[in-house]
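Student: Structure incoming, see below.
The values are calculated or read from the model by the stated rules, or taken from the named source; none is laboratory data. All figures in this text were calculated on a predicted structure; none of them were measured in a lab. With ideal geometry, Cβ positions are generated from the backbone for all residues, glycine too; neighbour counts draw on all protein chains shown.
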Amino acid sequence: MELVRAKDYNDMSRKAANVISAQVILKPNSVLGLATGDTPKGTYLQLAEWQKKGDCSFAKVSSYNLDEYVGLTPDHEQSYHYFMRKNFFDLVDIDLANTHVPDGAATDVEQACVDYDRIVAEAGYPDLQLLGIGRNGHIGFNEPDDHFARGTHVVDLTESTIEANSRLFDSVDEVPRQAVSMGIQTIMYARRILILASGEDKAQAVRDMVYGLITPQVPASILQLHPNCTVIADEAALSLC
Ligand code: F6R
């Protein structure tokens, strides 16, 4: 695991955008694994700025997102489909037809999970997987558990995740209780992983991920076993390291 220290959120975002733009400059038809949440927003904005200036392009990129809430349609403002369009896809030259987000609104969600695994495998798995980390050490929506999940699956969200994500909904009762998430195995198949963390509330999770036991109770700890994983974290997120 390579640990890159950033001063603050903006510095982390700029550093992360540099890694992603280098990836798409060197391989224009890269397969990117993408994340939602507050953490990558600044990275997406920086990439959009550079793309507008002509420094990089996503025209040939295909993307596969990590997760989606069960029951939310793509036009729901809190859905991850919507987040991706608003915060990245609509800001860059990516072809929407080449973007993929798990279908949490499918009538048969289990089948949608199987189909998602198939298309990610057919794409050859991400060249670069971008990740954030939850306060409880989750990646994607792989919550602390007694085993590591393999493929895309339906997850019961923990109270801590529901509470953390309620800031984006009108009330905690509106937060879906389930999500669809890529599994740990699929995440580990990415050729390179870039995981970002900002803020003091991530400090314990970052410490456990980087220096703790490798355990499904801290899903991100499995990344210690990935051959090409870079952590970019700001001073606050590294305050316990
Ligand atoms: C979202 C995802 C989650 C988030 C994590 C951190 O696609 O994969 O694991 O990365 O919940 O969320 P933020 O960035 O909002 O702190």
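Student: Looking only at strands (runs of 3 or more DSSP E) that fall completely inside the stretch 1-79, which ones have 3 or more residues that are modelled with pLDDT of 95 or more and within 21 Å of VAL175 (Cα to Cα)?
Tutor: Passing ranges, in order: 67-69.
Student: Has the stretch 201-209 got at least one residue that is surrounded by fewer than 17 Cβ atoms within 10 Å (Cβ to Cβ), of a type in the set (Asp, Glu), within 17 Å of ALA164 (Cβ to Cβ) and modelled with pLDDT of 95 or more?
Tutor: yes
Student: Is there a residue being surrounded by fewer than 14 Cβ atoms within 10 Å (Cβ to Cβ), of a type outside the set (A, V, I, L, M, F, W, C) and within 15 Å of the ligand (Cβ to nearest atom) anywhere in the stretch 65-81?
Tutor: No, that holds for no residue.
Student: Kindly establish whether ALA164 is surrounded by fewer than 20 Cβ atoms within 10 Å (Cβ to Cβ), at pLDDT below 95 and closer than 21 Å to LEU34 by Cβ.
Tutor: Values: surrounded by fewer than 20 Cβ atoms within 10 Å (Cβ to Cβ): yes; at pLDDT below 95: yes; closer than 21 Å to LEU34 by Cβ: yes.
It is true that ALA164 is surrounded by fewer than 20 Cβ atoms within 10 Å (Cβ to Cβ), at pLDDT below 95 and closer than 21 Å to LEU34 by Cβ.
Student: Could you please find all residues in the stretch 191-215 being within 13 Å of the ligand (Cβ to nearest atom) and part of a loop (DSSP other than H, G, I, E, B)?
Tutor: SER198, GLY199
Student: Further question on the same structure: Of all residues in the stretch 54-64 being free of Cβ contacts under 8 Å to residues at least 40 places away in the same chain and more than 16 Å from the ligand (Cβ to nearest atom), which is nearest to ILE139 (Cα to Cα)?
Tutor: Taking the stretch 54-64 and keeping what is free of Cβ contacts under 8 Å to residues at least 40 places away in the same chain, we get 54-61, 63.
Still in the running and more than 16 Å from the ligand (Cβ to nearest atom): 54-61.
On the way: GLY54: 32, ASP55: 30, CYS56: 27, SER57: 27, PHE58: 24, ALA59: 27, LYS60: 27, VAL61: 23 Å.
So, considering only residues that are free of Cβ contacts under 8 Å to residues at least 40 places away in the same chain and more than 16 Å from the ligand (Cβ to nearest atom), the one nearest to ILE139 (Cα to Cα) is VAL61.
Student: While we're looking at this one, here's another question. Give me a count of the residues in the stretch 1-53 that are of a type in the set (S, T, N, Q) and away from the ligand (no atom under 16 Å from the Cβ).
Tutor: Step one: list which residues in the stretch 1-53 are of a type in the set (S, T, N, Q), which gives 10, 13, 18, 21, 23, 29-30, 36, 39, 43, 46, 51.
Within this subset, residues satisfying the condition of being away from the ligand (no atom under 16 Å from the Cβ) are 18, 21, 23, 29-30, 51.
Of the residues in that region, 6 qualify.
Student: Applying the selection to the stretch 169-190, what residues are among the charged types (D, E, K, R) and either assigned to a helix (DSSP H, G or I) or surrounded by 16 or more Cβ atoms within 10 Å (Cβ to Cβ) (or both)?
Tutor: Scanning the stretch 169-190 gives ASP173, GLU174.
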